[in-house]
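Engineer: Input: one structure, supplied below.
The values are calculated or read from the model by the stated rules, or taken from the named source; none is laboratory data. Note that this is a predicted model, so its numbers are computed, not measured. Methodologically, a virtual Cβ is constructed for each residue, glycine included, from the backbone with ideal geometry; neighbour enumeration extends over all protein chains shown.
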Amino acid sequence: MKEPRTSNRIARLLLLGYLAFLVYASLYPISSLRPPRESPFTILFERVAISRSDALTNLLVYLPLGWLLVVRAQGLGALRATLFGCAFSFTIEYLQAYLPGRVPSVLDWCLNSAGTFLGAELGSRSAGIRWREAEGALVPGPRTRLGLLAVGTWVGAQLFPFVPSADVDSLREGLRPVWYVLRGQESFSWPQASVYALATLSLSGILVSCLRPNRRSRLLVPFFFAAVLLAKVPIITRQLSLEAMVGALFGLAVAWRLGGSKPGGTVPFLAAAGAFVVEELRSAAGSGAVLPLNWIPFRNHLTSELVGGADILSGAWPFLALAFVVSGWRGISPRRAALLGAVLVFSGVFALEWMQQHIPGRSPDVTDALIALSAWLLAWLGISGSGDASGPKPARQDSFQSSESPFRRPEPR
């Protein structure tokens, strides 16, 4: 089957956009460009020590490049995609020698190349993936993969930078917010709890939609969210809050209460959108001064790679979730949904960022609108590229609408 034009065009735009992002992020600020004090090759091959977080960032940031290269040109192969990523990364590292604020490193080059290879392998294998091990639990099809991507992105936002520490002081720091709220040293944040409640409600519905009508597998959904939240404790720079625990518990309770009485497409959609809106408009912890809108994409993300990575994942998952829900609505043209939704997503998120200029402690940034737009288009690329949009659409399988759903009380016998 020939690849739809819409998905091909979106894949090309995303690939070019991501290449531009890598150039921008690696060479910012380019205004300080000047000849190096010695040969760029000498600087490149000097021994430079980097932290674990920097090494992880260099590896992960090139994963999407490898994936997009394979998806954009099917049959390209992981080897040729890796060679392209290797040459591209070497060029970037070479140019960094002309920027005083940048430190080129052969280790960065190797990690970037490895990230491209891993992304290309994922891209080449995902086209023919059949979920052999999970075949009995998952509903087959590209829409299930999109739903799992939305859930996985939320998990990544919770656990980034994925570096655990078993140090006792680190574990205590991971639990400090819970202890402080229980002792009354900090106040309980209801808006933050609301974000977790809505996110859990939306993502639990998506997970249920991705699972076959099997009560045993669906009963694992609450344990899944509990495991993710507890995993935050040993992760450096991450903390488990009482708001997260209460919010997740409330979201799961509402999902259980709704059971099969509500149309699943409405609940996860409104919950995902609500989680993003509340997160955008809530006041920052400790508040602070009001700030103007930042018009330079990814400027704030480049100053802190750890915060920037988590922020990108947090801003992406709601729109992957929204695309998942919309793709299940009957009578929706994928092309129209992708293009019209792109306009609505960008304008809506930009409006929220504009409103943040009046909220103390928030950092309004045009980058969040770009992240939301990219996540939305990437979701439709995955669906259209898999041929799901060109064939007949099956009847919608709604979340919270199954006789075997764990979020439904059993009928008395």
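Per-residue answers, yes or no, for (1) farther than 13 Å from residue 154 by Cβ; (2) in contact with a Ser or Thr (Cβ under 6 Å, 6 or more places away or on another chain); (3) at pLDDT below 85:
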| residue | (1), (2), (3) |
| --- | --- |
| 199 | no, no, no |
| 208 | yes, yes, no |
| 224 | no, no, no |
| 239 | yes, no, no |
| 267 | yes, no, no |
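Engineer: Moving to a separate point now. Just name the residue that is nearest to the chain's Cα centre (by Cα) out of those in the stretch 220-244 that are of a type in the set (Val, Ile, Thr) and part of a helix (DSSP H, G or I). Walk me through it before giving the result.
Structural biologist: We begin by selecting, within the stretch 220-244, every residue of a type in the set (Val, Ile, Thr); these are 221, 228, 233, 235-237.
The next check asks that each one be part of a helix (DSSP H, G or I); those that pass are 221, 228.
Working: 221: 20, 228: 15 Å.
Filtering the stretch 220-244 for residues that are of a type in the set (Val, Ile, Thr) and part of a helix (DSSP H, G or I), the one nearest to the chain's Cα centre (by Cα) comes out as 228.
Engineer: Any residue that is modelled with pLDDT of 85 or more, charged (D, E, K, R) and either part of a loop (DSSP other than H, G, I, E, B) or under 27 Å from residue 63 (Cα atoms) (or both) - is there at least one of those in the stretch 348-362?
Structural biologist: Yes, the conditions are met somewhere in the stretch 348-362.
Engineer: Which pairs do you get when a residue that is under 12 Å from residue 383 (Cβ atoms), found in the stretch 330-346, comes within reach of a residue that is among the acidic types (Asp, Glu), reach meaning Cβ atoms under 9 angstrom, with the pair 6+ apart or on two chains?
Structural biologist: Hits for this filter: 334/388.
Engineer: Picking from 204, 189, 194, 165, which residue would you name as being more than 24 Å from residue 318 (Cα to Cα), touching a residue at least 12 places away in the same chain (Cβ under 8 Å) and out of contact with any Gly (no Cβ under 6 Å at 6 or more places or on another chain)? Can you show your working first?
Structural biologist: Values: 204 fails: more than 24 Å from residue 318 (Cα to Cα); 189 fails: more than 24 Å from residue 318 (Cα to Cα); 194 fails: more than 24 Å from residue 318 (Cα to Cα).
Just a single option satisfies the conditions, and that option is 165.
Engineer: Which of the residues that make up the stretch 180-219 are part of a loop (DSSP other than H, G, I, E, B) and under 24 Å from residue 282 (Cα atoms)? Spell out the reasoning first.
Structural biologist: To start, the set of residues in the stretch 180-219 that are part of a loop (DSSP other than H, G, I, E, B) comprises 183-189, 212-214, 219.
Residues satisfying the conditions are 183, 184, 185, 186, 187, 188, 189.
Engineer: Can you work out which of the residues in the stretch 309-341 that are farther than 17 Å from residue 209 by Cα, in a helix (DSSP H, G or I) and of a type in the set (A, V, I, L, M) is modelled with the lowest pLDDT?
Structural biologist: 310
Engineer: So if I check each of 302, 306, 381, 344, which one is modelled with pLDDT of 85 or more and either surrounded by 14 or more Cβ atoms within 10 Å (Cβ to Cβ) or not polar (S, T, N, Q) (or both)?
Structural biologist: Values: 302 fails: modelled with pLDDT of 85 or more; 306 fails: modelled with pLDDT of 85 or more; 381 fails: modelled with pLDDT of 85 or more.
Sole residue among the options that is modelled with pLDDT of 85 or more and either surrounded by 14 or more Cβ atoms within 10 Å (Cβ to Cβ) or not polar (S, T, N, Q) (or both): 344.
Engineer: Output the number of the condition that residue 247 fails; it satisfies all remaining conditions of (1) in a helix (DSSP H, G or I); (2) touching a residue at least 24 places away in the same chain (Cβ under 8 Å); (3) in contact with an Asp or Glu (Cβ under 9 Å, 6 or more places away or on another chain).
Structural biologist: It is condition (3) that residue 247 fails.
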